[in-house]
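The values are calculated or read from the model by the stated rules, or taken from the named source; none is laboratory data. This is a predicted model, so every value here is computed, not measured. Cβ placement follows ideal geometry from the backbone for every residue including glycine, while neighbour counts extend to all protein chains displayed.
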Amino acid sequence: MLQSRESLEQAQDRDLAPYAVKATESKGRKFDEKEHDYRTCFQRDRDRVIHCSGFRRLDAKTQVFYDSKSDYTRTRLTHTIEVTQIARTLARILSLNEDLAETASLAHDLGHPPYGHCGEYVLDDLMEGHGGFEHNAQSLRVVEYLEHPYPEFRGLNLSYEVLECLAKHESRYDRPDLKDLYGTDQAPLEGQIADLADSIAYNSHDLDDALFFGLIDEEDLKDISLYQQFKSEFDKSYPDSNRYTRRLRCAKRLIDLLVSDTLEESNRLIGKYRPKTIENVRNCEIKLISLSEDAKQRLDQLSDFLYKKVYMHPDVAAATERAKKELGFLFNYFVDDPNHLPSRYESRVAEQGIHKVVCDYLAGMTDRYCHTLYENES
């Protein structure tokens, strides 16, 4: 028998926690659309994100390690997939809406520009006096305006709750400034899951990538308690294994420990604060999806180490100079002569201003497209 949308919604209403976001309780879309026969609203949102052009471009955008000759390193797309996998696990075990957590995770980095975080800092500097640049805001702009696959409206016309999760996305290195649009209260638990899954994923895979590329070695991690715990456990169980296998298993063990800790601590907090509805979640004084204090401290130690030893490493920092040169040149090139812009961007200049339009154009580029354009025009 075919399952209808209604039967899926009924299963959610029956099986999900009372404080989960149910498809039947969504505040809807900006533009009314007929409901789908077989997919809930959040399942449709997920599919719209996966099929949009901005999602495909994530495959050629830097996560941390720019211009790697290896096919091992994470890209912005593989990071997004890892975040989504973690988020789905958390949502499923906590009886929350897995479709919403998945969609928020898939869309959370759509606004990232080329060249990773250094590209974001460069665009923010270039946009000083013109609204600045922040990738969370840009992710919302991508799904609400820049994507244009439908003749009836601009954007993907996603459900309110997906947009709310994106607006309130806040992991350690994010700088959200959109709460005035979607309230200053907490995100739904599904959005909080996407936040924490983001932190768990990038700390794990950035450590793995940094070890793989030799930016750090195991001796550098001698004071990092999380890594030493995993290394000790692994060496005891598999004394004859090689460093390659140990590195991989330690990275995966980090994910497993942090996910398990999140489940236990979140369950404790939900039991303590006893939310009955999504509004109780929004009005709660703290985030209910959280690591324990011990795990937070240990993850912060690792995160601080990665910031100092990996993100500020000369080989990584060199990408900042390249981003400054290439994005700076292209920004001024298009601002000085809007006729160089593609027609679909040039047509928006009068209404939105040249700086905003140029910023949109550059932020949507992949690393290789940006570099090729710079080479051709400089």
Name the helices (runs of 4 or more DSSP H) wholly within the range 1-74 that hold at least 2 residues that are modelled with pLDDT of 95 or more and within 28 Å of residue 145 (Cβ to Cβ)? 41-50, 53-57
Complete set of residues in the range 76-106 that are among the aliphatic types (A, V, I, L, M), in contact (Cβ under 8 Å) with a residue 24 or more places away in the chain and over 12 Å from residue 193 (Cα atoms): 106
Going through the range 182-208 one residue at a time, which ones are over 18 Å from the mean Cα position of the chain (by Cα) and more than 30 Å from residue 19 (Cα to Cα)? 208
Looking only at the range 14-23, how many residues end up being surrounded by 14 or more Cβ atoms within 10 Å (Cβ to Cβ) and not hydrophobic (A, V, I, L, M, F, W, C)? 2
Out of the residues in the range 136-156 that are in contact with an Asp or Glu (Cβ under 7 Å, 6 or more places away or on another chain) and not in a helix (DSSP H, G or I), state the one that is surrounded by the fewest Cβ atoms within 10 Å (Cβ to Cβ). 155
Looking across the range 214-237 at residues that are among the charged types (D, E, K, R) and either out of contact with any helix residue (DSSP H, G or I) (no Cβ under 8 Å at 6 or more places or on another chain) or assigned to a loop (DSSP other than H, G, I, E, B) (or both), the single one that is surrounded by the fewest Cβ atoms within 10 Å (Cβ to Cβ) is 219
Just for the range 278-295: of the residues that are under 22 Å from the mean Cα position of the chain (by Cα) and of a type in the set (D, E, K, R), which one is farthest from residue 170 (Cα to Cα)? 282
Going through the range 342-378 one residue at a time, which ones are in contact with a helix residue (DSSP H, G or I) (Cβ under 7 Å, 6 or more places away or on another chain) and of a type in the set (D, E, K, R)? 346, 348, 360, 367, 368, 377
Report the residue count in the range 185-199 for those that are part of a helix (DSSP H, G or I) and either under 17 Å from residue 93 (Cα atoms) or acidic (Asp, Glu) (or both). 10
Out of curiosity, is residue 275 over 21 Å from the mean Cα position of the chain (by Cα) and more than 24 Å from residue 169 (Cα to Cα)? no
Of 247, 298, the only residue that is within 27 Å of residue 213 (Cβ to Cβ) and over 24 Å from the mean Cα position of the chain (by Cα) is 247
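Rundown of residues vs (1) surrounded by 12 or more Cβ atoms within 10 Å (Cβ to Cβ); (2) over 28 Å from the mean Cα position of the chain (by Cα); (3) not aliphatic (A, V, I, L, M), yes/no style:
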{"position": "340", "(1), (2), (3)": "yes, yes, yes"}
{"position": "346", "(1), (2), (3)": "yes, yes, yes"}
{"position": "357", "(1), (2), (3)": "yes, no, no"}
{"position": "363", "(1), (2), (3)": "yes, no, no"}
{"position": "366", "(1), (2), (3)": "yes, no, yes"}
Considering residues that are surrounded by fewer than 23 Cβ atoms within 10 Å (Cβ to Cβ) and either more than 15 Å from residue 356 (Cβ to Cβ) or among the hydrophobic types (A, V, I, L, M, F, W, C) (or both), the number found within the range 121-135 is 4
For the range 89-123, the count of residues that are in a helix (DSSP H, G or I) and at pLDDT 95 or above equals 16
